[in-house]
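Engineer: Below is the structure I would like to discuss, written out as structure tokens.
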Amino acid sequence: MFKAPVSRVLVYHVLDDRSVHLFEENIIYLLRKGYRFVTAREFGRLLTVKSLTANMRICAITFDDGFKSVYTKALPILKKYRIPATVFINLDLHRLHDNPKGTELMAEKIFPRLYKRHKDLIGLSKQEIVDLIDNGIEIGGHTITHPDLGRTTNYFLELAGPVQFFSSAFNYHIKTFAYPYGRKHNYTDEVIQELRDCGYEYAFLGISADPQYSLWDKPYELPRTSVPDGFRGGKFHSLLAGSQDLLDRLLNQER
Ligand SMILES: [Zn+2]
């Protein structure tokens, strides 16, 4: 069986009326297990200075893409339990927030699986992002158009764009990044170098690994654990303890 739960960066995408309860259950479970919550940047810092020890339980809650439910569903719960989180915002999704038709077209193309389950996908507005920042939520970069960075040649714009945008529109300096699609083939060494040059300090994958024993020396390849819809109780426990790590290892070996 799997060992005890360890420190994790968890990934969520969209919360709806049903999954918001499971999200709250996850938070209660983590609190009961003694997890301390930090932002993605703080997690990266703890990990890379090697101050994360095996018996510490640190958790960073992250949301990818920046859908409106981070504000409408997640924020009230994060405030209720006074825990920080991080949102990796896709710029195009934010820019289309008052254009439902445009968002629909984008969602169909870029987030087909999410779009199948959630027809009302929409990005965060400017005021909602301001409120998130005011409530201690960290904002991270997630490119402009959500490309596969392992295959695109104009990655400079995709990485520098969010840094410039948040600096000029929000006076906010983003320091963390999440790779779209997040697997090993979705970035290159050149992309990592560019992230560093743009001022990002840490970058996160979408694949899972026990961060205490691997990858701690790679600030631009930090693992995260995806929480699928409907994960609760014992299933959530095994996810924290490493069930997803094995799965991700198998999937990554296949290539
Ligand atoms: Zn994404």
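Every read-out reported here was derived from the displayed coordinates using simple, explicitly stated rules and does not represent laboratory data. Since we're looking at a predicted model, the values are computed, not measured. Here the Cβ is made from the backbone with ideal geometry for all residues, glycine too, and neighbour counts use every protein chain on show.
Engineer: In which sequence would 142, 97 go, from the one with the fewest C-beta neighbours within 10 Å to the one with the most? Show your work: numbers first, answer last.
Structural biologist: Numbers: 142 27, 97 19.
Fewest-to-most Cβ neighbours within 10 Å comes out as 97, 142.
Engineer: In what order do 17, 65, 245 fall by count of nearby beta-carbon atoms within 10 Å, going from fewest to most?
Structural biologist: Lowest to highest Cβ neighbour count: 17, 245, 65.
Engineer: Under a straight-distance cross-link criterion of Cα-Cα below 26 Å, which lysines are reachable from residue 119, leaving out those fewer than 8 residues away in the same chain?
Structural biologist: Output for residue 119: 68, 73, 101, 109.
Engineer: For region 1-84, what is the convex hull volume of its Cα atoms per residue in Å³?
Structural biologist: Working: hull volume 9.1 nm³, N = 84.
Spread over its residues, the Cα hull of region 1-84 gives 109 Å³ apiece.
Engineer: Also, I was wondering about something else. Using every pair of alpha-carbon atoms in the chain, split the distances into 10 Å bins beginning at 0 and state the percent of pairs per bin, rounded to integers.
Structural biologist: Histogram of Cα-Cα distances, whole percents per bin: 7, 33, 39, 19, 2.
Engineer: If you take every DSSP beta bridge whose two residues both sit in the chain, what share of them, in percent to the nearest 5, is antiparallel? Could the numbers behind the result be given before it?
Structural biologist: Values: 1 of 23 bridges.
Taking every DSSP beta bridge within the chain, about 5 percent pair in antiparallel fashion.
Engineer: As a check on your grasp of the helix formula, calculate [θ] at 222 nm for the chain: sum -39500 (n - 2.57) over DSSP H runs of n ≥ 4, divide by the residue count, round to the nearest 500.
Structural biologist: Numbers: 11 runs with 106 residues, N = 255.
Helices in the chain give a 222 nm mean residue ellipticity of -12000 deg cm²/dmol.
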